[in-house]
Amino acid sequence: MKRVYYISDVDISLPKGPSVNEFEFIDAMFGRDDLDVKVFLPKIAGDVREDVKSKICEVLPFSIKKKNLLHVAFFELAYLGFFIFNFKAIKESIVFTRVSVLPLGLFLIAPFLGKCIHVKTVGDGSFRYLRRAPFGGGLVWLHQMMYKWIARFVHSLDVVTESHKQDFGSNVGYGEKCFVVPNRVNTDVFFPISRLEARSKIGLASYKYMFGYVGNDPLNRGAKEAVDALYYLRSHFGLDVGLLVVGGVDDESIRRCINGRSTEHVYFVGQIDYKEVQLYMNALDVGVSFLPCWHRGASEQKVRQYLSCGVVPVVTPGGSDFVGKDSVGFVCEVSEIEKVADSILKALEFSSEMTRPCREYALKHLSHKKLADDRMRIFNL
């Protein structure tokens, strides 16, 4: 039985994409009978399933706040200690890790144990989020230098799309060590239930159709266009349709988005607990996700969750346009609201007959259980 270690600074209890991705990968590894899996994380802030939580070893007795430099320093020390304490065992094992906010520990240990290490979900190497920080240009240079050093020694890395692989090779190098491992979804957690039942449970009015957005940063990921499309569909086609938007949006942003129009058929419900996401998604016939051009290399978790719930996705071109190629969704640009509304209208009209194909596609191609298989194959195991 192969020994596998996993260590990162990600809090797997948070309702955010990276946290969900790491939780699903850990769960997938624990699900394999041929692996002896040891997981090391800082203390988890929230709740996770007990069967997973009980198997996690704490490298720190408190949760990490990544904007707290002292927390960052403590984690890097704990990270180094993990490798030093387990040095002999690691040389005969495999280590999966995710690059931390300032990866000093991995930077130092890579020359000695890199051949045993696979770094997951490294992004495109552009570090856009750092450019907004004080001294952003210097931080980008520092991170690119550290990533280049780490990539030089480790066994392999992975990214979520082919676009990210190409960009990582250009921005950092060592593209030949990069493998594409798309995000997946836990199909046991996200599954279809009656649309009417779901709408009733969350107190929505009765409509023939309901579409919307469920995720983080709604107004920059599709909700704004969805609001405009709703008014267009109701005024031009007289469609009996409502719009549900789930995710944190402040009142002023909502007012700007509505722009003086009636809010009668628009439901902004704010942030919800991750455990409720499946229920709210099932209130939709169609789910949207529209990304800005710079972010279209993403492998969107929400699109996979839509599919797993039998919800038809309408997306922008890029990392999620497989839904159009495989006939389980629709792809459109968002520059013209008429075309957005037309794509949503088509998706709504075909939604009842597409529910089963969407779910079956998710079961066949997008199950999170494939995550462990994909990454173990990188080591030819």
Given bins 10 angstrom wide, list per bin the percent of all Cα-Cα distances in the stretch 227-381, short to long.
10, 35, 38, 12, 4, 1
Heavy-atom accessible area per residue - the chain, 1.4 Å, Å²:
45
Among (1) -0.86, -1.03, -1.39; (2) -1.00, -1.07, -1.19; (3) -0.81, -0.95, -1.22, the value of log10 I(q)/I(0) by the Debye sum over Cα atoms at q = 0.11, 0.12, 0.14 Å⁻¹ computed for this structure carries the label (3)
Pairs of alpha carbons in the stretch 1-111 whose separation is greater than 17 Å (percent):
52
A 29 angstrom limit on the alpha carbon distance is what I want to check against. Which of Lys67/Lys325; Lys55/Lys369; Lys120/Lys201; Lys2/Lys65 exceed it?
Lys67/Lys325; Lys120/Lys201; Lys2/Lys65
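Which order do peptides 82-94, 347-359, 288-300 fall in by mean Cβ count within 10 Å, highest first?
In descending order of packing, they fall as 288-300, 347-359, 82-94.
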What is the packing order of peptides 247-255, 170-178, taking the mean over residues of other C-beta atoms within 10 Å and listing the highest first?
170-178, 247-255
For a 22 Å ceiling on Cα separation, which of these pairs sit above it: Lys66/Lys275; Lys38/Lys115; Lys16/Lys53; Lys53/Lys88?
Lys66/Lys275; Lys53/Lys88
So what is the 222 nm mean residue ellipticity for the chain from helices alone, if each DSSP H run of at least 4 adds -39500 (n - 2.57) and you divide by all residues, rounding to the nearest 500 deg cm²/dmol?
-13000 deg cm²/dmol
So, by mean Cβ neighbours within 10 angstrom, what's the order for 268-274, 117-123, 47-53 with the highest one leading?
117-123, 268-274, 47-53
At 7 Å along the Cα-to-beta-carbon direction for both Phe87 and Glu264, put a label point, then send me their distance in nm to one decimal.
7.3
Tensor-based shape of the stretch 130-191 (alpha-carbon gyration tensor, a/c under 1.5 rounded, otherwise prolate or oblate)
oblate
For the stretch 185-312, what is the Kirkwood hydrodynamic radius in Å, using each pair of distinct C-alpha atoms?
14.8
Taking only the alpha-carbon positions of the stretch 213-263 as identical scatterers, the Debye log10 I(q)/I(0) at q = 0.28 Å⁻¹ comes out as -1.15
Treating only the Cβ atoms of Lys and Arg (+1) and Asp and Glu (-1) as charged, compute the dipole magnitude of the stretch 27-121 about its Cα centre; round to the nearest 20 debye.
360
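The values are calculated or read from the model by the stated rules, or taken from the named source; none is laboratory data. Quantities reported herein were computed from a predicted structural model and do not represent experimental measurements. As a convention, Cβ positions derive from the backbone with ideal geometry for all residues, glycine included, and neighbour counts pool all protein chains shown. We work out accessible area using only protein heavy atoms, side chains counted, and drop any ligands, DNA or RNA first. Shrake-Rupley method; radii C 1.70, N 1.55, O 1.52, S 1.80 Å.
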